[in-house]
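Heads up: the structure comes next, in structure tokens.
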Amino acid sequence: MNFSITSTDPNSSARTGTLKTDHSQIDTPVFMPIGTSGAVKTLLPQELYDVNTAIILGNTYHLFLRPGHDLIHRTGGLHKFMNWGKSILTDSGGFQVYSLAKLNKISDEGVKFQSHLDGSSHFITPEISMEIQLSLGADIIMAFDVCPPGEATKETVISAVDQTTKWIKRCKDYLDSSEVPYDWNQTLFPIIQGGIYPELRKNSVEEMVPYSTCGIGIGGLAVGEDKMAMFENIAMLDELLPEDQPRYLMGVGRPTDLVRAVQNGMDMFDCVLPTRNGRNGQLFTSQGVINIQNSRYLDDFSCVDKECNCHLCNDYTKAYLRHLFNINEMLGLRLASMHNITYYMLLMETIRKKINEGEFSKWSVNYLNKYSNDQRM
Ligand SMILES: [Zn+2]
């Protein structure tokens, strides 16, 4: 895997680049749709290729519980299992263990938890997380970390940083001593923790950078902390992180967050918003967010977004989509998901184009001004 910078914006830290894995060329800044349990909900791989999706994210926690990484390994890996020919990044499982499962205990050894599905007990260590991600066949493997919530005390964040630091070595040792299960490379991204505390972030950067060969994750942001503090942290990390590696800002976010993060030198993003909110009838459009279930769309025969070229916007009216949601028709969920993913992919394409043309600063200020009163953007 390798990363090269294509161009940089003269007035901000924004940059474009190319990340090459054995499965695809990824133009950055990039948004990665979430394929939770082996599917980007309601969408076919071809529909994702059609909007230039080069990489998706798989959730280790969900795939570990169902159908299990052994089964996926026996089918030839996650790419083959779900018929996805481009790159895959898997998370470490940690975030879901902390947010979804009933957490029993974090110890030096690992994390004990009960499945949110059936209450069954499990134990994940850094080694087990690596073993699962190797078996899944991810092109990018995320380190096993401790990710405290935004309201966590400073003591909790300190111990999360300490534990994450101890575990990165074990992640690397396990990968170094394991046989590569497939005929493609699988690269480890360490994760920087430290909440909103600058000194803890600095400390985590120093500990993690020696383990990053071609990319680094920034965790523990967009987990409920103040947004201004989040962006102050991102700006600081931009100064501290190596420039020649992609920076993956985990779990962020809203379209305006992506634009601001790109201004601050971030390169890779994932978020459930386009797909999850799409299934709730919330659509990202050039005119801001609309909720299609609103009664005002009952007899609105215009398209959702004139500036969008997706199936929904080309061929259907708002009134029809509202009707589909009203009767719980699956086609509604599909069309809304497709539209939102198209919106995010087009946004990233525009960001890259503007950076390459030297127009990003002007464009990004206009974009952020346009949606400054819309919290949902
Ligand atoms: Zn559309």
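Below are the figures for this structure:
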| quantity | calculated |
| --- | --- |
| Which listed pairs, of 172/227; 105/227; 41/166; 306/354; 80/370; 166/227, have C-alpha distances above 31 Å, in listed order | 172/227; 41/166; 80/370 |
| Distant-in-sequence amide H partners of residue 191 (H built 1.01 Å from N, under 5 Å) | 143, 217 |
| Packing-based ranking, highest mean first, of 324-334, 123-133, 197-207 given that Cβ atoms within 10 Å are counted | 123-133, 197-207, 324-334 |
| Debye intensity ratio I(q)/I(0), log10, the stretch 1-87, q values 0.14 Å⁻¹ (C-alpha model) | -0.57 |
| Pairwise label distance in nanometres, residue 159 with residue 353, each label 7 Å out on the Cα-Cβ vector | 5.1 |
| 20 °C / 1.002 mPa s Stokes-Einstein diffusion coefficient of the chain, Kirkwood radius on C-alpha pairs, µm²/s | 101 |
| Amide H contacts of residue 68 (H built 1.01 Å from N, under 5 Å, at least 5 apart or other chain) | none |
| Residues listed by number, the stretch 282-299, amide nitrogen under 20 Å from residue 370 label point at 7 Å toward C-beta | 282-292 |
| Accessible-area composition of the stretch 92-133, carbon plus sulfur, in percent [1.4 Å probe] | 53 |
| For the stretch 223-294, projected area of the alpha-carbon convex hull averaged over all directions, nm² | 5.7 |
| Share of pairwise Cα separations in the stretch 275-367, more than 17 Å, in percent | 49 |
| Residue 314-residue 52 FRET efficiency (beta carbon distance; Förster radius 22 Å; 0.05 resolution) | 0.80 |
| Helix-only [θ]222 nm of the chain, DSSP H runs n ≥ 4, -39500 (n - 2.57) each, per residue, nearest 500 | -12000 deg cm²/dmol |
| Spatial separation of Cα centroids for the stretch 256-319 and the stretch 145-214, in angstrom | 34 |
| Within the chain: Cβ-based charge dipole about Cα centre, in debye rounded to nearest 20 (Lys, Arg +1; Asp, Glu -1) | 900 |
| Per residue solvent-accessible surface (Å²) - the stretch 275-367, probe of 1.4 Å | 50 |
| Straight-distance crosslink candidates among aspartates and glutamates, where the alpha carbon sits under 18 Å from residue 154 and sequence neighbours closer than 8 are dropped | 145, 162, 199, 225, 226, 232 |
| More than 25 Å apart - percent of Cα-Cα pairs taken over the stretch 61-178 | 24 |
| Segments 286-295, 12-21 sorted - mean Cβ within 10 Å per residue, highest first | 12-21, 286-295 |
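The values are calculated or read from the model by the stated rules, or taken from the named source; none is laboratory data. Because the structure is predicted, anything quoted here is derived from the model rather than measured. With ideal geometry, Cβ positions are generated from the backbone for all residues, glycine too; neighbour counts draw on all protein chains shown. For accessibility, only protein heavy atoms count, side chains too; no ligands or nucleic acids. Shrake-Rupley method; radii C 1.70, N 1.55, O 1.52, S 1.80 Å.
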